[in-house]
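Novice: So that we are looking at the same thing, I have put the structure below in structure tokens.
Derivation of every value follows stated rules applied to the coordinates shown; laboratory data play no part. Since the structure is predicted, the reported quantities are computational estimates derived from the model, not experimental observations. Reconstructed Cβ throughout: ideal geometry from the backbone, glycine too, with neighbour counts over all protein chains shown.
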Amino acid sequence: MSTQSTQSTRPSRAVLVRRRALALLVLAALVTGLVLLGQVVVRAVGPMVGGGGTDTPGRAAPPTPEPLGPPRDCGVGALELTVVPTDTEFTVDEAVELQVTMRHVGARPCLVDGSDAGRPVLVRAGEEVVWSSAHCATGERPLLMSRGDEVSATVRWDRRRSVEGCAPDQPEVAPGTFTAVAVVAGVDELTSAPVTFTVLDPTPPPAPTPTEPATSGEPPAPTEPAAPTQEQGTGEQVPPAAPETSGEPAAPPAGPQT
């Protein structure tokens, strides 16, 4: 009898399942309530902590991000150009070498032609452009540059003039002081700071020193005195008369008195 009464008081399997489902529903309701309560608290406390919402007067709204889209050509403010000669003085027997650096300093990527035609170097003598690396350049070098990117190249000038179309056999430029700048084709405002260098005149040869007559070291030979002459009719020897310096002919010697 006791065993049968114990089995009759135990809940059935269906009751247990319903109880567990009810417990899960209650738990889910509690979690959801806590989440909603937390959001309400955050929204209520946020303006007090942050000093007001986005509509508070005097507070700038965050900038709207620009759509990226295709990259544009680099303009003023996007690139920084520098030119540095490898030396400040060059001789007429060596080529002038210029180190050109192009650095991106803009806010967004852009396209630029990094060839000698798209980024030419100009050499001026005074106000005259005597040489441009773009005159004989061929091809393009498209570059997509982002902030911080840097590209360097060495440009050589053989001291000859250049003209549009790269006509050959151009004359050499006389030695002197020159100015070099780097520019971006099509953007006149995008240029580097000018730098100067000097091509030296060839050193003139030293002047010849005058040569002195060679001496043998022997004393000059003594001159013999003139032999005395004998006056006619007397037998006395008369020394030769010294030549007169007045320019008049000397008087003839007097004859024997009679």
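Novice: Provide the FRET efficiency to the nearest 0.05 for the residue 37-residue 16 pair, computing r from the beta carbons and using R0 = 35 Å.
Specialist: Working from the Cβ atoms, E equals 0.65.
Novice: Please work out whether region 109-196 counts as rounded, prolate or oblate from its C-alpha gyration tensor, where a ≥ b ≥ c are the square roots of the eigenvalues and a/c under 1.5 means rounded, while otherwise a/b larger than b/c means prolate and anything else oblate?
Specialist: prolate
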